[in-house]
Amino acid sequence: MVNKERYESAKAIYGELGIDTDAAIARLKDIPVSLHCWQGDDVTGFDHDGPLTGGIQTTGNYPGKARTPDELMEDMDKAISLMPGKKKLNLHACYAIFEDGEYADRDKLEPKHFAKWVEFAKARNMGIDFNPTFFSHDKVKDGLTLSSPDEGTRKFWIEHGKACIRISNYFAKETGVPCVMNIWTGDGYKDIPADRMGPRMRYKDSIEQILSEPYDKNQVKPCVESKVFGIGVESYTVGSAEFTLSFAATHEGCLPLMDNGHYHPTEVVSDKIPALLCYYPEIALHITRPVRWDSDHVLLFDDETREMAKEIVRCEALGRVYMALDYFDASINRVSAWVIGFRSWQKALLNALCTPNALFKKLQDENRLTELMVLQEEIKTYPFGDIWAEYCRQCGVQEDKKWFEEIVSYEKEVLVKR
């Protein structure tokens, strides 16, 4: 049976549960997902030559790492060509592009240092999201940035944050798409601190100073991201979940951002999404796959990934949740890592759109829990692969099993020659 015939058969099967797969495919085509540039070069960036610091770590040494802006853009183009759906570009400030021997430290960054990225994004009809880079810099003093007791250190990083606000405004104006600007630092202590409140009060004041920089609140969406712990800050993290949620709740226009690797291994962000949507008009996500902790493994089509997507869809929050991928694996082909993760999240969203959420809710509300369990289990073996294949066909990209052949050729022709 050819793929189109298989799709029509699958469409009829889902239709018995009231699911319009044509509508699900059409809806997914219009949902933007932000693709992180830092998978392609192991979070190195272009503004420093030193090692990663500040709680960031990449493992592996697979050949073909991007070394220049042109190589990174070339790799992203190859990955994008194998991804169905709508994309945004997600940048870190350390990916500023300097030309003709020019250099600007992070507190002096300007929109012009990202003009090539704007050109790249506009040519591909992509918006841009942005992240100040509060790590891998010699001004990270004793592991601290915005919460440092040293006023000069705080001032430097506050000015960096303000510069990033201006750059985010520029991105939104140039692309016509709102820019999500996420504030995350690795500030904290390796062992038990003597003062937990002091660093958090300094952190609060620093973020408030950053957000005092003028910007279009309809076009720039500042976020604060939490973390439970990181390398070198195992005992105390300044930007805890309680801190960031409280900050976002008490500062108009500031969004909470949840990274599903930034929690205890027994916590799940899928349960937190509907909880936050009860209170926040909008939220943001960094989507990854933690193994034991925030290890930033490549996203897979696993249980929690599917459940996160289901919560966004069943809460009718596709227009309220800003979704971005965030992982970096240097142990495998980096372009493949991009493609696998992006396609996995697309699968999760399509799977959620092909779930009879209204029916399941009705069964729950009527306490028909046995019937609910039966249907929830049976739909797991429905022919979802045929719906996915049709989505890929309509988006003009290779379906599963075939796209990797292009990666193999690209590795031989491009990556191993670097």
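Remark: residue 139 falls outside the filter, which requires a residue to be at pLDDT 95 or above, under 22 Å from the mean Cα position of the chain (by Cα) and surrounded by 16 or more Cβ atoms within 10 Å (Cβ to Cβ). Of the residues making up segment 120-142, at least one is part of a loop (DSSP other than H, G, I, E, B) and aromatic (Phe, Trp, Tyr).
Residue by residue, here is whether (1) crowded, with 18+ Cβ neighbours inside 10 Å; (2) free of Cβ contacts under 8 Å to residues at least 40 places away in the same chain; (3) closer than 30 Å to residue 218 by Cα; (4) hydrophobic (A, V, I, L, M, F, W, C) holds:
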site: 285; (1), (2), (3), (4): yes, yes, yes, yes
site: 295; (1), (2), (3), (4): no, yes, no, no
site: 299; (1), (2), (3), (4): yes, no, no, yes
site: 323; (1), (2), (3), (4): yes, no, yes, yes
site: 354; (1), (2), (3), (4): yes, no, no, yes
site: 361; (1), (2), (3), (4): no, no, no, no
site: 373; (1), (2), (3), (4): no, yes, no, yes
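Counted as qualifying within segment 1-119 are the helices (runs of 4 or more DSSP H) with 1 or more residues that are buried (at least 21 other Cβ atoms within 10 Å of the Cβ) and under 25 Å from the mean Cα position of the chain (by Cα), namely 21-28, 69-80.
Among all residues of segment 82-102, there is none that is of a type in the set (Ser, Thr, Tyr) and out of contact with any helix residue (DSSP H, G or I) (no Cβ under 8 Å at 6 or more places or on another chain). Meeting the requirement of 3 or more residues that are modelled with pLDDT under 95, the strands (runs of 3 or more DSSP E) wholly within segment 211-321 are 293-297. All conditions in (1) touching a helix residue (DSSP H, G or I) at 6+ places or on another chain (Cβ under 6 Å); (2) closer than 30 Å to residue 25 by Cβ hold for residue 148, with the sole exception of (2). Each residue in segment 322-367 was checked for being over 30 Å from residue 253 (Cβ atoms) and of a type in the set (Phe, Trp, Tyr), and 2 pass.
The values are calculated or read from the model by the stated rules, or taken from the named source; none is laboratory data. Predicted model, so just to flag it, every value in this text is computed and none were measured. Here Cβ is always computed from backbone atoms with ideal geometry, including for glycine, and neighbour counts include all displayed protein chains.
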